[in-house]
Structures are given as structure tokens and as C-alpha cells.
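This report concerns only the one structure given below.
FYI, it's all coordinate maths here, none of it is from the lab. All figures in this text were calculated on a predicted structure; none of them were measured in a lab. With ideal geometry, Cβ positions are generated from the backbone for all residues, glycine too; neighbour counts draw on all protein chains shown.
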């Protein structure tokens, strides 16, 4: 068992699903966020209110950590200057704090939007060149490159998890891109427990029949997803899909992020069920 894990973005939706399983992997779980809507804490969990964009707040949180699970960010397209603090500077602060505090492993919530402009007729592998679809996607490219630099210069291992659609399936696109919450947990646990990850990139996608990714280059991480979105196909394909099909972004891996104007959120037309885990 690890001594200490730090989870950034702990008050967010994905953080809400990760806190309990992470608490079982360590003696102390430090959950941190700029938002204190955290709910009830687990027995070995502590919450620290901290702003990712402020190094003086983030650095002390990392003291004594074995692993950082970096899930904190604005998870949407916004004007560049709104993303600069939490998504760009915040990532720098996390890896710089990891270096100064001798933390040797980071698990990073990257995104499909780092490569969102690729046609979805292409099966993506982990090390295809970046093709971000938005400023948000660009922030994920920056953080992946940052992680690689800190690995090659300072031997801080990182698994960059390119999460596609970690929410209940509501669209045809989701039949290919879905990552179930159970598989999210398996993904993060695999990255924490793997003997060696070096600098790894792998896609956060369940074992979907229609998936358009290939994680074989990262099989050393040991992620073996179990769920399959095909169980939702009959229900989804009965719906009126004309609006989804007419969006040119859905010809790309990034979906509506690929067709939105830079700085403009496409979230409203994505029908995402943004519900946190209940205590």
C-alpha cells in the first residue's frame, strides 16, 4: 500500500468517482480542488482547498506524495486566457512540485481532444502527432509534452490518459468513445500499480465493439477494460440522430469540439449527463 496519493480536481465529476477507490490504495488520500463542494470525506481522506494556478498553494500539497492523480482543470472549451491559469500553468505547477518533492509518478487526465481533429475513420494509436481541436485540446497537448519533458529530464513517470467520453452514453458517437466509470477506475488503478510506465499515453475508452482506438502500444500499463457501450446501441440508434449526424465535427474523433469556433463551448449540444457520484 502506498503512503500518500494526491488527487487534484477532487470536487469534479470524475474525481467524485475516483476518491473512494483511491482511498483504498493508500494510507492517506489528499483530495484538492479550487472548489470545496467535496461532500463527506473517507476515513483516510483529507481535503485541501488550493488553486492549481498558484504554485505556493499547490507545492505544499505534494509533500510526501507517492503518486499524483492530476484531474484538475477546466473541462471545456473557453477563451485561451481563461484556460491559461488552471490548464496550462496548473499543469506546470503540478509537475514542478512533483520534481521538487521527489514524486516519481503522475497519472494525468488528458483527453481525446489532444488529437480531436483526426478523422474518426482512422483508428488512433497512442503516439500519433498531436492534432488538437480547441484551446482545451491544446492544453492537453501542452501537458502531455510537459510530462514527457519531466520524464526525460527528471525521471518522473507519467501515464497520460486520453479520456474520450466518460459519461453515460447518450449519442451515437458515445457507442465508440464511451469510458464507463468502472473502467475509469480500472484505468487509474492500472497506471498506479504498474511496475513501470515511463512516459505512456493510452486512450480512456471501454471495451466497445465500435471503438476507434488501439492501445496495444501501451499494453505494459495493464489496462483491461470490461464494459461495452454496445449494450446501449439499440436504444441510441432508435433516436432521431439527424442533428448529431449533420454536425461535421462528428466526422472527427473530437466530435462537436472539432467543429466549434475556438473559445466557444460546444457542451450544450453534446447532451452530457454531468452528474457526480452520490455520497
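Of the residues making up the range 24-47, those that are in contact with a strand residue (DSSP E or B) (Cβ under 8 Å, 6 or more places away or on another chain), over 13 Å from residue 12 (Cα atoms) and either surrounded by fewer than 17 Cβ atoms within 10 Å (Cβ to Cβ) or in contact (Cβ under 8 Å) with a residue 60 or more places away in the chain (or both) are 25, 27, 28, 41, 42, 44, 46.
If the requirement is being surrounded by fewer than 19 Cβ atoms within 10 Å (Cβ to Cβ) and either in contact with a strand residue (DSSP E or B) (Cβ under 8 Å, 6 or more places away or on another chain) or part of a helix (DSSP H, G or I) (or both), which of these qualifies: 144, 152?
152 is the lone residue from the list that is surrounded by fewer than 19 Cβ atoms within 10 Å (Cβ to Cβ) and either in contact with a strand residue (DSSP E or B) (Cβ under 8 Å, 6 or more places away or on another chain) or part of a helix (DSSP H, G or I) (or both).
Number of residues in the range 228-248 that are assigned to a helix (DSSP H, G or I) and without any contact (Cβ under 8 Å) to a residue 40 or more places away in the chain: the value is 7. Selection within the range 103-130: residues that are more than 17 Å from the chain's Cα centre (by Cα) and within 25 Å of residue 86 (Cβ to Cβ). The member of this set that is surrounded by the most Cβ atoms within 10 Å (Cβ to Cβ) is 103.
Under the condition of being part of a helix (DSSP H, G or I), within 25 Å of residue 24 (Cβ to Cβ) and in contact with a helix residue (DSSP H, G or I) (Cβ under 7 Å, 6 or more places away or on another chain), the residues counted in the range 42-77 number 2.
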